[in-house]
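Here the structure is laid out as structure tokens; the discussion comes afterwards.
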2 protein chains.
Amino acid sequence: MDISHRQFTKKIQFKDALGNPIAGKAIRVEQTNHSFLFGCGAFDFMPLMMKGDDDYYKQLTESWLDIFNYGTLPFYWGNYEREEGKPEKELLMKTAKYLQDKNVKVKGHPLCWHTVCADWLMKYDNETILKKQLERIDREVTGFAGVIDMWDVINEVVIMPIFDKYDNAITRICKEKGRVGLIKTIFDKAHECNPNATLLLNDFNTSINYEILIDGCLNAGVPISAIGIQSHQHQGYWGREKLEEVLERFSSFGLPIHFTENTLISGEIMPAHIVDLNDWQVDEWPTTPEGEERQAKEIEEMYRILFAHPLVEAITTWDFKDGAWLNAPSGYVRKDGSQKPSYKMLKNLVRNEWWTNTSVTTDENGFATVSGFKGEYKLSADGLTASESLTDEGELVVTLK
Amino acid sequence: MDISHRQFTKKIQFKDALGNPIAGKAIRVEQTNHSFLFGCGAFDFMPLMMKGDDDYYKQLTESWLDIFNYGTLPFYWGNYEREEGKPEKELLMKTAKYLQDKNVKVKGHPLCWHTVCADWLMKYDNETILKKQLERIDREVTGFAGVIDMWDVINEVVIMPIFDKYDNAITRICKEKGRVGLIKTIFDKAHECNPNATLLLNDFNTSINYEILIDGCLNAGVPISAIGIQSHQHQGYWGREKLEEVLERFSSFGLPIHFTENTLISGEIMPAHIVDLNDWQVDEWPTTPEGEERQAKEIEEMYRILFAHPLVEAITTWDFKDGAWLNAPSGYVRKDGSQKPSYKMLKNLVRNEWWTNTSVTTDENGFATVSGFKGEYKLSADGLTASESLTDEGELVVTLK
């Protein structure tokens with residue numbers, strides 16, 4: 001598969017602090033970050049923040065940071081603001097800033113969703129619910145701007161107005177405003193609060209329904225930055241054919257595509273007759289050696305296909321460790337924190353095969369041609385360094401200091 | 001079922017030509033047309049126009065006119081303009097005017113569709129195809145304005161860009177522009193050419209796909225006057241439950257609903273495994289006595305449900321006589337022109353049960369309270385008459401001359 005769009009080749013002139021070309025020198029070229037967003041649920045950083053020096057979470061999050069440069073933090077309204085007017089801002093801000101300090105881009109998930117919604121909203125009429133929804137968006141998007149500039153703005157709208165498992169405030173307002181009407185109102189507010197934010201529409205429905213919904217939104221002027229596609233594969237790997245078919249259909253809009261919630265499990269797969277994954281409640285769902293080998297192979301194939309697609313900008317695995325959502329063996333690490341084959345496979349892809357660590361030698365005028373994977377770089381020679389973002393073909397002058 | 005929204009009660013003062021109240025007189029109240037559009041495919045009027053005094057078509061169209069006040073005429077591009085630049089305008093205009101003279105409202109069907117499309121379009125690039133599509137809309141919508149002011153503007157868009165039975169010009173441009181983008185371009189043109197026209201979006205897909213498509217279009221400002229729903233039931237009657245469920249879902253937009261293409265057959269039903277009805281090609285598809293009884297019952301139930309729904313403004317039966325589309329026994333009359341039980345049933349509904357023919361007596365000041373089904377009326381006494389549209393509760397002064 002062609003992944004040349006993930007790479008750059010660039011002519012760089014290296015100079016010293018006095019402006020003289022650094023001629024005939026070996027320059028170390030060390031990648032420090034990817035342009036591509038290799039993401040994972042970062043929920044485990046929250047207990048670390050709460051518990052301080054807890055060994056289990058320290059080790060867990062360190063192995064997380066050894067692969068990922070992008071994390072999703074939970075802003076489920078029903079958990080974030082259990083009691084009206086008392087949001088969990090402090091913990092979330094601390095966690096987000098911790099990740100930011102580790103060079104990890106953070107996404108908030110989600111601003112509007114009918115599930116894990118705040119029950120206390122249901123005592124209000126629809127007009128008030130919508131008003132409070134917009135105020136919440138202002139509070140979170142404005143309040144976290146600069147720390148979190150990427151949001152799953154509205155989640156699972158295809159099913160939202162017909163969701164009938166239980167009454168909730170968001171289904172009520174979606175019924176009243178219609179899907180596109182609600183999306184537009186919600187996105188417009190988020191965009192107004194942080195015009196630089198990356199704003200995602202996100203859904204598990206990858207059918208023609210979602211295509212038509214996106215089409216309608218874009219024609220109605222909804223400021224969608226990227227299309228979010230969930231791919232929880234508890235019932236078995238989609239396989240190359242379905243994955244490529246989904247990519248082809250959602251590419252037609254020309255927007256960036258984010259795989260926002262990816263799951264592949266390393267145990268028995270969930271029976272096919274389950275329609276809502278949440279209906280599969282089990283006490284034990286063991287990871288198995290054969291399952292772990294299969295999971296690693298499937299994740300590898302999937303990441304290779306997605307990395308090769310020019311419009312895909314991000315892949316987020318939903319669970320870092322086993323036993324999170326649905327108690328599934330869905331992680332890169334087992335419950336005890338030990339690493340599965342999938343962990344080692346992905347780390348090798350992200351930090352070795354798709355990672356650049358090389359050196360070049362400058363000519364008599366200080367020029368060298370540098371090639372590598374797009375991202376952040378440390379360039380150095382004789383104890384002098386520079387940090388540069390290397391993502392395109394343009395010529396560059398770099399001063400090592 | 002409540003059908004009071006189809007009726008009016010009105011206080012009318014009757015006066016003579018000199019302005020004196022007509023006191024203590026019996027006034028004949030005779031309905032001459034319905035506000036509701038009872039429609040049918042009017043294709044059989046075209047051979048009548050071509051053949052002149054042909055007995056078969058004369059009798060056929062006369063029995064048509066005994067029930068219907070609304071007809072659909074074919075503007076399939078591939079038939080209407082078999083050779084580029086040579087449209088069948090003369091025949092269509094003659095037929096439409098004939099119907100108009102008979103007090104029948106005419107709808108043109110369709111302005112844009114991927115099926116029965118003009119093959120000669122395929123030699124052009126997409127930009128030219130779209131240009132010719134818009135020119136055709138201008139030619140037909142402007143050219144027939146005043147005679148045809150109602151159009152199925154664009155047909156079956158849910159499947160349009162993924163239609164893969166054969167290559168065609170419209171699927172090509174729909175793929176390129178997207179569903180909502182093409183709909184908007186096409187509707188904007190039709191609206192520009194006749195701002196007073198009733199413009200329909202029409203589809204056989206009644207799933208959530210079509211709901212989301214309409215939602216997107218309305219939010220994108222597409223000037224849709226009414227939602228068109230096809231209901232070809234060659235594979236069996238939907239039944240009350242499905243019909244009410246469809247009505248409920250498509251009512252949420254608050255727009256008028258037209259059942260644009262209704263079929264119920266009076267023979268064996270088509271097997272359920274057929275996905276595209278066009279794939280069922282049979283030489284003979286007989287009407288049967290039991291089938292005819294069943295058809296009449298099903299049509300009756302359906303019309304009663306639709307007539308009772310406040311947003312439904314029109315029902316069009318697709319085939320007037322058996323052996324038209326798919327050679328199906330789908331008509332109100334058999335191939336020989338004889339009337340089926342469904343014909344008699346519907347004529348009784350439309351021209352008797354839901355029809356007003358009564359008289360009232362005025363008081364000493366010429367006032368009388370008139371009730372009836374909304375529509376056009378002839379009011380008369382002692383050889384003096386007036387024609388009035390009676391559709392609301394407001395008071396009215398009528399001068400009989």
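The values are calculated or read from the model by the stated rules, or taken from the named source; none is laboratory data. Predicted model, so just to flag it, every value in this text is computed and none were measured. Backbone-built Cβ (ideal geometry, glycine too); neighbour counts: all protein chains shown.
In the list B:126, B:168, which residue meets the criterion of being more than 14 Å from chain A (Cβ to nearest Cβ) and touching a His at 6+ places or on another chain (Cβ under 9 Å)? Can you show your working first?
Values: B:126 fails: touching a His at 6+ places or on another chain (Cβ under 9 Å).
It is B:168.
Go through the range A:9-117 and tell me which strands (runs of 3 or more DSSP E), entirely inside it, have 2 or more residues that are more than 30 Å from residue A:135 (Cβ to Cβ).
Details: elements: A:26-34, A:37-41, A:70-74, A:105-109.
Those strands (runs of 3 or more DSSP E) span A:26-34, A:37-41.
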Just a yes or no: is a residue in the range B:226-235 within 14 Å of another protein chain (Cβ to nearest Cβ) and at negative phi? yes
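May I ask you to verify whether residue B:250 is away from chain A (no Cβ under 14 Å), of a type in the set (Phe, Trp, Tyr) and not in a loop (DSSP other than H, G, I, E, B)? Can you show your working first?
Details: away from chain A (no Cβ under 14 Å): no; of a type in the set (Phe, Trp, Tyr): yes; not in a loop (DSSP other than H, G, I, E, B): yes.
It is false that residue B:250 is away from chain A (no Cβ under 14 Å), of a type in the set (Phe, Trp, Tyr) and not in a loop (DSSP other than H, G, I, E, B).
What tally of residues in the range B:292-322 results from selecting those that are charged (D, E, K, R), more than 17 Å from residue B:337 (Cα to Cα) and not in a strand (DSSP E or B)?
Summing the residues that are charged (D, E, K, R), more than 17 Å from residue B:337 (Cα to Cα) and not in a strand (DSSP E or B) in the range B:292-322 gives 7.
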For the range A:61-72 the number of residues that are touching a residue at least 24 places away in the same chain (Cβ under 8 Å) and closer than 20 Å to residue A:348 by Cβ is 8
Can you say whether residue B:287 is in contact (Cβ under 8 Å) with a residue 60 or more places away in the chain, outside any helix (DSSP H, G or I) and surrounded by 14 or more Cβ atoms within 10 Å (Cβ to Cβ), as far as the supplied structure shows? no
Determine, yes or no, whether residue A:255 is more than 19 Å from residue B:213 (Cα to Cα), within 14 Å of another protein chain (Cβ to nearest Cβ) and hydrophobic (A, V, I, L, M, F, W, C). yes
Per the filter on the range A:1-20, residues within 16 Å of residue A:380 (Cβ to Cβ) and not aliphatic (A, V, I, L, M) are A:13, A:14, A:15, A:16
Yes/no for residue B:184 being under 24 Å from residue A:209 (Cα atoms) and either assigned to a strand (DSSP E or B) or within 14 Å of another protein chain (Cβ to nearest Cβ) (or both): yes
Within the range A:144-151, does at least one residue satisfy the condition of being part of a helix (DSSP H, G or I) and within 23 Å of residue A:39 (Cα to Cα)? yes
Would you confirm whether or not the range A:323-334 contains a residue that is in a strand (DSSP E or B) and within 21 Å of residue A:74 (Cβ to Cβ)? yes
Out of (1) in contact (Cβ under 8 Å) with a residue 40 or more places away in the chain; (2) outside any strand (DSSP E or B); (3) closer than 30 Å to residue A:242 by Cβ; (4) out of contact with any Asp or Glu (no Cβ under 6 Å at 6 or more places or on another chain), the odd one out for residue A:337 is which? (3)
From the residues in the range B:189-221 that are more than 30 Å from residue B:235 (Cβ to Cβ), in a helix (DSSP H, G or I) and within 14 Å of chain A (Cβ to nearest Cβ), which one is nearest to the chain's Cα centre (by Cα)? B:218
Is it true that some residue in the range A:363-372 is part of a strand (DSSP E or B) and within 28 Å of the chain's Cα centre (by Cα)? yes
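Given the residues B:105, B:94, which is the only one that is in contact with a Phe, Trp or Tyr (Cβ under 6 Å, 6 or more places away or on another chain) and of a type in the set (D, E, K, R)?
So the residue among B:105, B:94 that is in contact with a Phe, Trp or Tyr (Cβ under 6 Å, 6 or more places away or on another chain) and of a type in the set (D, E, K, R) is B:105.
May I ask you to list the residues in the range A:154-196 that are of a type in the set (Asp, Glu) and under 16 Å from residue B:249 (Cα atoms)? Even if it seems obvious, please write down each step before you answer.
First, the residues of the range A:154-196 that are of a type in the set (Asp, Glu): A:156, A:164, A:167, A:176, A:188, A:192.
Correct list: A:164, A:176.
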Go over the candidates A:394, A:366 one by one and state the one that is more than 24 Å from residue A:239 (Cα to Cα) and surrounded by 15 or more Cβ atoms within 10 Å (Cβ to Cβ). A:366
Report, by residue number, each residue of the range A:314-357 that is closer than 24 Å to residue A:376 by Cβ and surrounded by 20 or more Cβ atoms within 10 Å (Cβ to Cβ). A:314, A:315, A:316, A:317, A:320, A:332, A:343, A:346, A:350, A:354
Could you please tell me which pairs satisfy a Cβ distance under 7 Å, a separation of 6+ or placement on different chains, a first residue in the range A:125-145 that is over 30 Å from residue A:94 (Cβ atoms), and a second residue that is charged (D, E, K, R)? A:126/A:172; A:126/A:176
Only one of (1) within 14 Å of chain B (Cβ to nearest Cβ); (2) assigned to a helix (DSSP H, G or I); (3) within 22 Å of residue A:113 (Cβ to Cβ) fails for residue A:245. Which number is that? (3)
Looking at this structure, is residue B:162 in contact with a strand residue (DSSP E or B) (Cβ under 9 Å, 6 or more places away or on another chain) and not hydroxyl-bearing (Ser, Thr, Tyr)? no
So is residue B:138 surrounded by fewer than 19 Cβ atoms within 10 Å (Cβ to Cβ), at pLDDT 95 or above, away from chain A (no Cβ under 14 Å) and within 27 Å of residue A:210 (Cα to Cα) or not? no
Tell me the residue from B:97, B:51 that is surrounded by 14 or more Cβ atoms within 10 Å (Cβ to Cβ) and among the charged types (D, E, K, R), please. B:97
Hey, does the range A:263-274 have a residue that's within 11 Å of chain B (Cβ to nearest Cβ), in contact with a Leu (Cβ under 8 Å, 6 or more places away or on another chain) and either more than 21 Å from residue B:212 (Cβ to Cβ) or not small (Gly, Ala, Ser) (or both)? no
Looking at (1) in contact (Cβ under 8 Å) with a residue 12 or more places away in the chain; (2) more than 15 Å from residue A:140 (Cβ to Cβ); (3) among the aliphatic types (A, V, I, L, M), which is the one condition that is false for residue A:162? (1)
Among (1) over 26 Å from residue B:176 (Cβ atoms); (2) surrounded by fewer than 16 Cβ atoms within 10 Å (Cβ to Cβ); (3) in contact with a Gly (Cβ under 9 Å, 6 or more places away or on another chain), there is one condition residue B:86 misses while meeting the rest; what is its number? (3)
